[in-house]
Amino acid sequence: MIVIGGGLAGLAAAAALGSTGATVELFESRPFLGGRATSYSLPDSEVIDNCQHILLRCCVNLLDFYRRLAVDDKVHFFAEIPFMEPGGRVSIFRRGLLPAPLHFTESFLRLPFLNLRDKLAIGRAFLAILMEHGRRKDLDDISMLDWLQEKGQTPNAIERFWRQVLVSAINEELDRMAASHGFQVVRLGFLAASDSYEMGVPNVPLGDLYGSQAWSRMPAVKLRLRAAVETVEVAGGRVAGIISGGEIYSAKQYVSAVPFERLGGLIPAAEIDTSAFEHSSITGVHVWFDRPVTDMANATLLDRNIQWFFNKDGGRYLQLVISASRKLLEMPRQQVIDLAVKELREFLPAARDAQIVKAHVVKEARATFSALPGLHKHRPGTRTRLENLWLAGDWTQSGWPATMEGAVRSGYKAAEFTAAALERPAKFLIPDIK
Ligand SMILES: Cc1cc2nc3c(=O)[nH]c(=O)nc-3n(C[C@H](O)[C@H](O)[C@H](O)COP(=O)(O)OP(=O)(O)OC[C@H]3O[C@@H](n4cnc5c(N)ncnc54)[C@H](O)[C@@H]3O)c2cc1C
């Protein structure tokens, strides 16, 4: 079979099918794997991730994919999530002694950045999520903000809890995010199991996770880099072959794992309508200081533009993340750095006297699709109108928002359809935790 696209969706499809011994040829246009979750070298040879990527323990398919590549031990999990206020006060979110779904009760009641009214409102909303999940039918069509307002959430709870948690998770503002996505994050991340919220951060550059060593155990998988697929030939309602570098390649089955904005130009005969999709951006700011400015591994930052910092090198190198960063796209890079550093210094006093050695901004204008209300019905499934073409990518009906887990799920689904068509039926997809 042939896979087009070496992001997580295409890699997951290739790894799953490769494990069955099927012959797989993957075509990736860039010189490296990983697509939007990758790393590359700066001109001074420093290797950076395009942006810090995190996962939660409830990303069961992504973790399964990392196990297939034997890199699951390269992800460090944190059981404590620090919320930091300007000025530096830290509140820790962690599980306590009570069983799920009550495991956060102790730390939640102690959080100083929310008052009692906020906490009661959030508690009521958690209960409503448990009650309405699977019963309420309009969650794909209303915004999370509409739902929160319907549930009488206080302005402080919306700004300092819901917005803080969900905008980073879904990469969209609350008024542009379908409520179903907010439900899913809370249900799977906060309520389903007492450890599902634990945050995983790879302790190697993202690109190292897809290194060639793991693939050498799957000799039937051939990865072609710098190999853009230029044309997909269609005949008689089937894909007949692809053209890459002027050569024709053919197989019995094909998986397209390219982003939505690429599909129409590449395979018009698939007739997938992507006109309802919009992009949402993420901005990563990388700052190197002349001395350590924190000993914390990471924290989510309240009330400012930057939403997270991640400590990448003994407190000297921090990666700052701003999700749904539409308004920063037009801002000149130096202004983005100035803004991010000015804000960071409000949280980390040690950064106030530290000198900046260098800084780098990555604006990913097409980071994810925008999880808009009403979009759900436009996300295509795995099957296409071409008999031997299967669709993968975080934007397809993966059951998840645009995340690494969503991409891997879509890849596993496409691999299952392909395996069935090749008469080697296999199950790869792991169901969400209940
Ligand atoms: C800055 C940023 C931060 C993020 N943070 C997180 C996070 O913390 N946690 C999380 O879970 N998710 C995060 N995401 C989202 C996550 O990265 C994506 O959802 C996921 O990686 C998408 O994978 P994909 O395989 O569907 O698509 P892609 O990664 O876009 O892969 C598609 C691949 O197809 C290739 N391609 C395109 N056209 C062709 C062609 N004609 N021929 C051959 N190859 C082609 C592309 O080069 C690309 O490698 C983030 C994304 C960004 C950009």
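The values are calculated or read from the model by the stated rules, or taken from the named source; none is laboratory data. Quantities reported herein were computed from a predicted structural model and do not represent experimental measurements. Please note: Cβ atoms are built from the backbone with ideal geometry, for glycine as well, and neighbour counts cover all protein chains shown. Please note that ligands, DNA and RNA were not included when accessible areas were found on the heavy atoms of the full protein model with its side chains. Shrake-Rupley method; radii C 1.70, N 1.55, O 1.52, S 1.80 Å.
Details
- Residues being within 14 Å of the ligand (Cβ to nearest atom) and in contact (Cβ under 8 Å) with a residue 24 or more places away in the chain - total across segment 368-387: 6
- Among residues of segment 231-246 that are loosely packed, with under 14 Cβ neighbours inside 10 Å, those with a beta-carbon under 9 Å from a residue that is of a type in the set (Ser, Thr, Tyr) and not in a loop (DSSP other than H, G, I, E, B) at least six positions away or on a different chain give the pairs Thr231/Ser244.
Residue-by-condition table, conditions (1) open to solvent by less than 40 Å² (accessible area, probe 1.4 Å); (2) more than 16 Å from the ligand (Cβ to nearest atom):
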position: Leu389; (1), (2): yes, no
position: Gly393; (1), (2): yes, no
position: Met404; (1), (2): yes, no
position: Ala407; (1), (2): yes, no
position: Tyr412; (1), (2): yes, no
position: Glu416; (1), (2): yes, yes
position: Ala419; (1), (2): yes, yes
position: Arg424; (1), (2): no, yes
position: Lys427; (1), (2): no, yes
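- Residue among Leu372, Leu386 that is within 24 Å of Ala269 (Cβ to Cβ) and not in a strand (DSSP E or B): Leu386
- Among the residues of segment 120-145, those identified as open to solvent by less than 60 Å² (accessible area, probe 1.4 Å), acidic (Asp, Glu) and closer than 13 Å to Gly374 by Cβ are Asp138, Asp140.
- Of all residue pairs spaced 6 or more apart or on separate chains, those with beta-carbon atoms under 6 Å, a first member in segment 91-108 that is closer than 17 Å to Leu188 by Cα and among the small types (Gly, Ala, Ser) and a second member that is modelled with pLDDT of 95 or more and in a loop (DSSP other than H, G, I, E, B) are Ala100/Ala193; Ala100/Ser194.
- If the condition is being among the aliphatic types (A, V, I, L, M), in contact with a strand residue (DSSP E or B) (Cβ under 8 Å, 6 or more places away or on another chain) and more than 8 Å from the ligand (Cβ to nearest atom), then segment 5-37 contributes Ala13, Ala14, Ala15, Leu17, Val24, Leu26.
- Set Ile282, Ile322: member being among the β-branched types (Val, Ile, Thr) and either touching a His at 6+ places or on another chain (Cβ under 7 Å) or without any contact (Cβ under 8 Å) to a residue 60 or more places away in the chain (or both): Ile322
- Of the set (1) within 28 Å of Ala9 (Cα to Cα); (2) crowded, with 19+ Cβ neighbours inside 10 Å; (3) of a type outside the set (A, V, I, L, M), all apply to Glu364 but (2).
- Selection within segment 88-97 - touching a Ser or Thr at 6+ places or on another chain (Cβ under 9 Å), in a strand (DSSP E or B) and not aromatic (Phe, Trp, Tyr): Ser91, Ile92
- The residues in segment 38-74 that are within 18 Å of Val3 (Cα to Cα) and within 7 Å of the ligand (Cβ to nearest atom) can be counted, and the count is 0.
- Condition broken by Arg110, with the remaining ones in (1) at pLDDT 95 or above; (2) away from the ligand (no atom under 16 Å from the Cβ) satisfied: (1)
- Helices (runs of 4 or more DSSP H) contained in segment 251-367 and holding at least 2 residues within 16 Å of the ligand (Cβ to nearest atom) and at pLDDT 95 or above: 260-266, 333-347
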